[in-house]
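K.L.:
This is the structure I have questions about; it appears just below.
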Amino acid sequence: MAPTAEPATQAPKAPQVIAGHPQRWLILGVICLAQLTVLLDNTVLNVAIPSLTRELEASTSDIQWMISAYSLVQSGLLLTAGSASDRYGRKKMLAAGLAIFGVGSLTAAFAGSTGQLIAARAGMGVGGALMMTSTLAVVVQIFSEAERVRAIALWSTVSTLGFAVGPLVGGVLLDHFWWGSIFLINIPVAAVGLVAVLALVPESKNPQGDRPDLLGALLSTIGMTGVVYAIISGPDDGWTATTTLTSAAIGVLVMAAFVTWELRIPYPMLDMHFFRNQKFTGAVAGVVLVAFGMAGSLFLLTQHLQFLLGYGPLEAGLRTAPMALTVVALNLMGVGARLLPKMGTPLTIAVGMTCMAAGLAAIALLGGEGYGGMLLGLIVMGVGMALAMPAMANAIMSAIPREKAGVGAGVNGTLAEFGNGLGVAVLGAVLNARFAALVSVSAASFPAALAAADSAGEKARISEAFSSGLETSQLVGAVAVLAGGLLAAVLLRRAERAESAVVTSA
């Protein structure tokens, strides 16, 4: 039966804008709690790599999929989740996301195999997608433009706090309980966040917003998964193997179909015309490569600390914390928010990402000599993140119309999550390829290679090969982040000059 048409005299509902909400700072706290839930789980998994390798007999590629499955599903759904939050209500989507994330965490905690855990992580990605788009969209709606940079900086600080708290919480839990406890910790946080969201967060939506693009979400998820599968399987199966080439081809073709679909439909999940805005494109490049370097380096760093230096989960968690704590301290002092107006967005992002690249290089070149060089690199990376991340988020949100705040948040989150998955896949593949090239032992992971070694000399060669692989992959990450920073700065500078020329001519 066809739907009944609305009377011609009925005016369309206007998008709801509630900037300057009297409880906006308390609401920001609730939103940050929800955001912390998502990021806590991402980083807590890194310190559990040795436990999962031992207790579930997980290979290196299994571990990469446990991390990437969450990121890929989340990045594939974020833009559609952003459209859904704009159209149907940001509060509804945030509450639904918390509930789904909690159920997924419970399932992951009691997974009996690597396959079950990967599937549970993918399910958690659905909840994470709904939460991440809604959090930043609500921030944009309840804060005026004058306060938005500070609010986004605080939101970003809490996001980074997840990177600091996650390994510490994971270390404490793994010292006393089994690996499943790292997922159970999400449940009380999700429950408290759900109650607070229902009680405090006001509903806001744009009833005339675009319909969710479900086919676009499916195509983007399949396409990204195909590419990442090829990257992860390449070192083991061979870069010219049929499975690797087929997966890569499917990924590229499906992504091309996604772009074609998005250009033709009236309600795309990703409006390709956004990329005509150089400010948007520059910020996009920065977000992807910051996430690439950050997620990839943390994936490698925890293995270096535990496998090579012999630290336990808690000790490793404590030693990864300085990077995130540096970001938190600088953001709480408002350093990034104060420097952004003075330095300008392009220079702020360029300086921040150069610091990140320098920190990655320091970890790669000095980390093998002890923790001192690693500590220096982590602090320098933290300084860079504190400068670059709020500037990039603000650049993306300011390049997109206010009524599409959910889509803007979805773009920011999609790119960050895709960068996370890509960083783990690419830097993990570089590590695996370098390791395999230097040792003759065929094993699914570094611990398995050590167990198969027949002599102390062979074990030493295996450890040296793994260390060389870590160094090479960190340097690859440093080059990628530096290139992204320079590209982002150039595009943003061009955009500012174009805007100035338009204003002058007017």
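K.L.:
Just one of (1) aromatic (Phe, Trp, Tyr); (2) open to solvent by 70 Å² or more (accessible area, probe 1.4 Å); (3) within 18 Å of residue 35 (Cβ to Cβ) trips up residue 177, so point out which.
P.N.:
Condition (3) is where residue 177 drops out.
K.L.:
A further question follows. Of all residues in segment 320-355, how many are in a helix (DSSP H, G or I), among the small types (Gly, Ala, Ser) and either farther than 21 Å from residue 279 by Cα or within 19 Å of the chain's Cα centre (by Cα) (or both)? Spell out the reasoning first.
P.N.:
Within segment 320-355, the first condition is being in a helix (DSSP H, G or I), and the residues that meet it are 320-332, 335-343, 345-355.
This time we only want the ones that are among the small types (Gly, Ala, Ser), so: 321, 324, 329, 336-337, 350, 352.
Filter again for either farther than 21 Å from residue 279 by Cα or within 19 Å of the chain's Cα centre (by Cα) (or both), leaving 321, 324, 329, 352.
Of the residues in that region, 4 qualify.
K.L.:
Are any of the residues in segment 195-206 more than 19 Å from residue 30 (Cα to Cα) and modelled with pLDDT under 80? Walk me through it before giving the result.
P.N.:
Quick first cut of segment 195-206, residues more than 19 Å from residue 30 (Cα to Cα) only: 206.
Still in the list and also modelled with pLDDT under 80: 206.
Scanning segment 195-206, I find at least one residue that is more than 19 Å from residue 30 (Cα to Cα) and modelled with pLDDT under 80, so the answer is yes.
K.L.:
Okay, moving on. Checking residue 397 against (1) open to solvent by less than 50 Å² (accessible area, probe 1.4 Å); (2) modelled with pLDDT under 85; (3) over 22 Å from residue 71 (Cβ atoms), only one condition comes out false. Which one?
P.N.:
Only one criterion in (1) open to solvent by less than 50 Å² (accessible area, probe 1.4 Å); (2) modelled with pLDDT under 85; (3) over 22 Å from residue 71 (Cβ atoms) is unmet by residue 397, namely (3).
K.L.:
Any residue in segment 22-39 that is under 13 Å from residue 142 (Cβ atoms) and of a type in the set (A, V, I, L, M) sitting within a Cβ distance under 6 Å of a residue that is part of a helix (DSSP H, G or I) and open to solvent by 10 Å² or more (accessible area, probe 1.4 Å)? List the pairs, counting only those 6 or more apart or interchain.
P.N.:
Once the first residue is under 13 Å from residue 142 (Cβ atoms) and of a type in the set (A, V, I, L, M) and sits in segment 22-39, its partners that are part of a helix (DSSP H, G or I) and open to solvent by 10 Å² or more (accessible area, probe 1.4 Å) give 27/200; 30/196; 30/200.
K.L.:
Can you pull out every residue in segment 85-96 that is open to solvent by less than 10 Å² (accessible area, probe 1.4 Å) and either part of a helix (DSSP H, G or I) or free of Cβ contacts under 8 Å to residues at least 12 places away in the same chain (or both)?
P.N.:
Kept after step one, since they are open to solvent by less than 10 Å² (accessible area, probe 1.4 Å), are these residues of segment 85-96: 85-86, 89-90, 94.
Across segment 85-96, the qualifying residues are 85, 86, 90, 94.
K.L.:
Which numbered condition in (1) open to solvent by 10 Å² or more (accessible area, probe 1.4 Å); (2) farther than 23 Å from residue 296 by Cα; (3) part of a helix (DSSP H, G or I) is the only one that residue 65 fails?
P.N.:
All conditions are met except number (2).
K.L.:
I've got another one for you. Here is a check on your reading of the model: is residue 464 surrounded by fewer than 24 Cβ atoms within 10 Å (Cβ to Cβ), at pLDDT below 80 and not aliphatic (A, V, I, L, M)? Break it down into steps so the answer makes sense when it comes.
P.N.:
Numbers: surrounded by fewer than 24 Cβ atoms within 10 Å (Cβ to Cβ): yes; at pLDDT below 80: no; not aliphatic (A, V, I, L, M): yes.
When the stated conditions are applied, residue 464 does not pass them.
K.L.:
Of all residues in segment 249-308 being outside any loop (DSSP other than H, G, I, E, B), surrounded by fewer than 23 Cβ atoms within 10 Å (Cβ to Cβ) and hydroxyl-bearing (Ser, Thr, Tyr), which is modelled with the lowest pLDDT?
P.N.:
That would be 281.
K.L.:
From 387, 366, 360, 375, which residue is surrounded by fewer than 24 Cβ atoms within 10 Å (Cβ to Cβ) and touching a residue at least 12 places away in the same chain (Cβ under 8 Å)? So that I can check it myself, show each step before the final result.
P.N.:
Details: 387 fails: surrounded by fewer than 24 Cβ atoms within 10 Å (Cβ to Cβ); 366 fails: touching a residue at least 12 places away in the same chain (Cβ under 8 Å); 360 fails: surrounded by fewer than 24 Cβ atoms within 10 Å (Cβ to Cβ).
The conditions single out 375.
K.L.:
When both residues are 6+ apart or on different chains and their Cβ atoms are under 7 Å apart, which pairs have a first residue that lies in segment 254-269 and is without any contact (Cβ under 8 Å) to a residue 12 or more places away in the chain, and a second that is surrounded by fewer than 16 Cβ atoms within 10 Å (Cβ to Cβ) and in a helix (DSSP H, G or I)?
P.N.:
Filtered contacts from segment 254-269: 263/272.
K.L.:
Check whether at least one residue in segment 202-221 is touching a helix residue (DSSP H, G or I) at 6+ places or on another chain (Cβ under 7 Å) and closer than 30 Å to residue 112 by Cβ, and report yes or no.
P.N.:
Yes.
K.L.:
A follow-up question, please. Exactly one condition in (1) surrounded by fewer than 21 Cβ atoms within 10 Å (Cβ to Cβ); (2) closer than 23 Å to residue 100 by Cα; (3) charged (D, E, K, R) is false for residue 145; which is it?
P.N.:
(2)
K.L.:
Among the residues of segment 135-170, write down those that are more than 22 Å from residue 333 (Cα to Cα) and within 21 Å of the chain's Cα centre (by Cα). Before the answer, list the steps.
P.N.:
Our first condition is that a residue be more than 22 Å from residue 333 (Cα to Cα); within segment 135-170, this holds for 135, 137-138, 141-142, 166-170.
135, 137, 138, 166, 167, 168, 169, 170, listed by residue number.
K.L.:
Ok, one more. Could you give every pair whose Cβ atoms fall below 6 Å, whose first residue belongs to segment 97-121 and is in contact (Cβ under 8 Å) with a residue 24 or more places away in the chain, and whose second residue is aromatic (Phe, Trp, Tyr) and open to solvent by less than 10 Å² (accessible area, probe 1.4 Å), counting only separations of at least 6 or pairs across chains?
P.N.:
Close Cβ pairs (under 6 Å, with a partner that is aromatic (Phe, Trp, Tyr) and open to solvent by less than 10 Å² (accessible area, probe 1.4 Å)) amount to 105/183; 108/183; 109/183; 121/70.
K.L.:
Can you name the condition, by its number, that residue 124 falls short on among (1) modelled with pLDDT under 85; (2) open to solvent by less than 10 Å² (accessible area, probe 1.4 Å); (3) closer than 24 Å to residue 158 by Cα; (4) not charged (D, E, K, R)?
P.N.:
(1)
K.L.:
Given the criteria outside any helix (DSSP H, G or I) and open to solvent by less than 60 Å² (accessible area, probe 1.4 Å), does residue 235 qualify? So that I can check it myself, show each step before the final result.
P.N.:
Values: outside any helix (DSSP H, G or I): no; open to solvent by less than 60 Å² (accessible area, probe 1.4 Å): yes.
It is false that residue 235 is outside any helix (DSSP H, G or I) and open to solvent by less than 60 Å² (accessible area, probe 1.4 Å).
K.L.:
Being more than 24 Å from residue 84 (Cβ to Cβ), polar (S, T, N, Q), in a helix (DSSP H, G or I) and open to solvent by 10 Å² or more (accessible area, probe 1.4 Å): is that true of residue 221 here? Spell out how you get there, then give the answer.
P.N.:
Values: more than 24 Å from residue 84 (Cβ to Cβ): no; polar (S, T, N, Q): yes; in a helix (DSSP H, G or I): yes; open to solvent by 10 Å² or more (accessible area, probe 1.4 Å): yes.
Spelling it out, it is not the case that residue 221 is more than 24 Å from residue 84 (Cβ to Cβ), polar (S, T, N, Q), in a helix (DSSP H, G or I) and open to solvent by 10 Å² or more (accessible area, probe 1.4 Å).
K.L.:
Let me ask you something else. Write out, first by first residue and then by second, each pair whose Cβ atoms fall under 6 Å of each other, whose residues are 6+ apart or on separate chains, and whose first residue, in segment 465-489, is in a helix (DSSP H, G or I) while the second is open to solvent by 20 Å² or more (accessible area, probe 1.4 Å) and aromatic (Phe, Trp, Tyr).
P.N.:
Taking only residues 6 or more apart or on different chains, the pairs are 465/435; 466/435; 469/435.
The values are calculated or read from the model by the stated rules, or taken from the named source; none is laboratory data. Since the model is a prediction, treat every value here as computed from it, not as a measurement. For neighbour counting, all protein chains shown are included, and Cβ atoms are generated from backbone atoms with ideal geometry for every residue, glycine included. Each accessible area value is taken on the protein alone, full model and side chains, heavy atoms only, with ligands, DNA and RNA left out. Shrake-Rupley method; radii C 1.70, N 1.55, O 1.52, S 1.80 Å.
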